[in-house]
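**Student:** One structure follows; several queries about it will come next.
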Amino acid sequence: MEKVCVLGAGSTKYGKLDDSISDITLQASASAIESAGIESKDIKAGYISNVFGVADKQVHLGPVVMSNLGISDRPSLSIESACGSGSVSFREAYANVAAGFYDVALVTGVEKVTHTGTEWTTTYFSYCSDFFYEGQAGASFPGLFASMARAYINEFNATEEDFAQVAVKNHDNGLLNPKAHLRKKITVDDVMNSAVVASPLKLYDCCPFSDGASAVVICSEKFAKQQGGDYVEVIGSGRGGSPAALQGRDHITTIPSTKIAADAAYKMANITSKDIDFAEVHDCFTIAEVVDTEDLGFFEKGKGIDAVRDGVTKLNGQLPINPSGGLKSKGHPIGATGVGQVVEVYDQLTGNAGERTVNDAKIGLTQNFGATGASCAVHIFQSV
């Protein structure tokens with residue numbers, strides 16, 4: 001199996017964007033190619049993650065991106081796995097480069113939804129749930145994660161104020177990220193006084209819907225060394241699944257797919273959770289970040305909230321979580337989110353993260369799931 005590296009990365013700003021879905025996809029892709037120090041003609045295949053292309057009247061995005069890059073003869077694959085689409089797209093590209101099918105591949109994630117309005121977006125987004133049991137019955141994603149949060153509060157020593165600290169921390173990080181959607185400092189009181197969306201979750205416990213695109217160029221180690229520029233090695237990759245409906249799980253304060261994917265990634269990398277220096281995790285709601293850190297093995301079950309209280313997960317803590325600002329502050333352009341996490345890890349490990357740099361980081365992890373964790377992918381990266 002070939003060693004696989006990330007050779008370049010690029011991203012648009014996340015937020016409410018005026019350009020079309022095709023335009024922002026091209027912008028991120030071109031930025032990643034430039035970052036890699038290569039030309040479009042060096043790309044052998046493209047992997048494009050997107051969920052709601054229909055919202056901007058463009059599906060089958062793969063061939064569109066390849067054509068706009070001037071390489072219409074190159075194969076492409078469009079991938080959808082709800083909020084986890086980006087990480088699944090990255091995994092598929094990784095597997096094909098590792099298998100030797102291609103020596104260079106482009107992975108781009110994109111979403112363009114803010115122009116549709118909240119009603120359209122939330123309705124279509126509900127189709128990512130197990131719709132027969134959840135969305136159709138009125139169980140929205142805020143409601144489902146609120147159930148998870150309430151169960152966590154009841155089972156462990158946690159409060160709503162503890163969850164608020166996750167939001168505050170991620171906004172602090174997002175302030176340092178010029179491409180973040182919500183660059184706004186907030187306090188615990190701000191979170192607690194924001195409108196209740198689904199008790200115990202309030203507006204500031206929830207990530208925003210965002211427009212945006214992120215892209216990375218991945219390649220064989222041989223190709224990376226020939227280029228002579230900055231690159232990071234992908235040392236672990238894992239995928240997992242969970243019952244699609246939250247009600248089908250033994251415990252709703254854990255996400256089985258994360259544990260399965262993490263175990264596979266750690267095994268491939270021949271490391272443990274203790275070797276991770278920082279992580280970008282799927283914090284669609286504040287409760288999700290806490291559960292993620294436990295399922296990834298960073299903290300014992302029920303102790304993730306203690307790590308938040310003690311500042312362990314802050315940018316200057318022992319294990320920084322979401323230095324980019326996470327979904328909560330950086331934003332959540334659904335199809336782009338997982339690729340955006342890889343962009344952040346690449347920037348961190350190549351010394352391009354600016355004020356939000358995690359000091360002395362050598363190994364970073366990304367974790368990105370779909371829906372309430374029905375699907376998940378975990379990847380581990382190491383500086384060279």
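**Student:** With a point put 7 Å past each Cα toward its Cβ, work out how far Lys184 is from Phe132 in nm, to one decimal.
**Tutor:** 4.0
**Student:** If the chain between Ser67 and Glu155 were fully stretched, how many nm would it gain, using 0.36 nm times the residue separation less the Cα-Cα distance?
**Tutor:** That pair, Ser67 and Glu155, stretches by 26.4 nm at full extension.
**Student:** What fraction of the Cα pairs in the chain, stated in percent, has a spacing above 32 angstrom?
**Tutor:** Of the Cα pairs, 25 percent sit more than 32 Å apart.
**Student:** I would also like to ask the following. Rounded to a whole number of µm²/s, how large is the Stokes-Einstein D of segment 202-269 at 37 °C and 0.692 mPa s, given Rh as the Kirkwood radius over C-alpha pairs?
**Tutor:** Diffusion coefficient, whole number: 206 µm²/s.
**Student:** What's the center-to-center distance, using Cα atoms, between segment 118-168 and segment 9-43 in Å?
**Tutor:** So the two Cα centres are separated by 32 Å.
**Student:** Sticking with this one: So how far apart, in nm, are the two label points at Asn352 and Ser20 if each is 7 Å from Cα heading toward Cβ?
**Tutor:** Modelled inter-label distance: 2.8 nm.
**Student:** Next question, about the same structure. Spelling out what I want: for every residue of segment 70-80, take phi, set θ = phi - 60°, compute 6.51 cos²θ - 1.76 cosθ + 1.60 (Karplus), and round to whole Hz; glycine and proline get x.
**Tutor:** x, 10, 5, 7, 7, x, 9, 9, 9, 10, 10
**Student:** At what distance in nm do the modelled label points of Val54 and Lys222 sit from each other, each positioned 7 Å from its Cα along Cα→Cβ?
**Tutor:** So the two model labels end up 4.4 nm from each other.
**Student:** Right, another one. Where a Cα-Cα gap under 19 Å defines reach, which lysines qualify for Lys44, not counting those fewer than 8 residues away within the same chain?
**Tutor:** Reachable lysines: Lys3, Lys222, Lys225.
**Student:** I would also like to ask the following. Quick one: Cα centre-to-centre distance for segment 300-372 and segment 193-216, in angstrom?
**Tutor:** 16
**Student:** Counting only residues 5 or more places away or on other chains, whose amide H sits under 5 Å from the amide H of Ser76 once H atoms are built in the peptide plane?
**Tutor:** Gly46
**Student:** Diagonalise the Cα gyration tensor of segment 95-203 and give the resulting equivalent ellipsoid semi-axes, square root of 5 times each eigenvalue, largest first, whole Å.
**Tutor:** Over the Cα atoms of segment 95-203, the ellipsoid semi-axes are 30, 22, 17 Å.
**Student:** Okay, moving on. For the cross-link pairs Lys16/Lys57; Lys112/Lys169; Lys41/Lys328; Lys57/Lys328, which exceed 29 Å when the distance is taken from alpha carbon to alpha carbon?
**Tutor:** Long pairs (Cα-Cα over 29 Å): Lys41/Lys328.
**Student:** Next question, about the same structure. For segment 283-289, take each phi angle, set θ = phi - 60°, evaluate the Karplus expression 6.51 cos²θ - 1.76 cosθ + 1.60, and give the result in whole Hz per residue in order, putting x for glycine and proline.
**Tutor:** Calculated HN-Hα couplings, in order: 9, 4, 9, 4, 4, 4, 4 Hz.
**Student:** Per-residue HN-Hα couplings for segment 336-342, Karplus 6.51 cos²θ - 1.76 cosθ + 1.60 at θ = phi - 60°, whole Hz, x for Gly and Pro?
**Tutor:** In residue order, the calculated couplings are 9, 4, x, 6, x, 4, 5 Hz.
**Student:** So how do 107-114, 129-136 stack up, highest first, on mean other-Cβ count within 10 Å?
**Tutor:** The packing order, highest mean first, is 107-114, 129-136.
**Student:** GNM, the chain, Cα, under 10 Å: largest mean-square fluctuation among Asp103, Asp190, Asp347?
**Tutor:** It is Asp190.
**Student:** Under 5 Å between amide H atoms, partner at least 5 residues away or on a different chain: which partners does Asp211 have, H built in plane at 1.01 Å?
**Tutor:** Amide H neighbours of Asp211: Gly15, Lys16, Leu17, Val113, Thr114.
Laboratory data are not the source of any read-out in this text; all were calculated from the coordinates shown. Being a predicted model, the structure only gives us computed values, none of them experimental. When we count neighbours, we look across all protein chains shown, and the Cβ atoms used for this are built from the backbone with ideal geometry, even at glycine.
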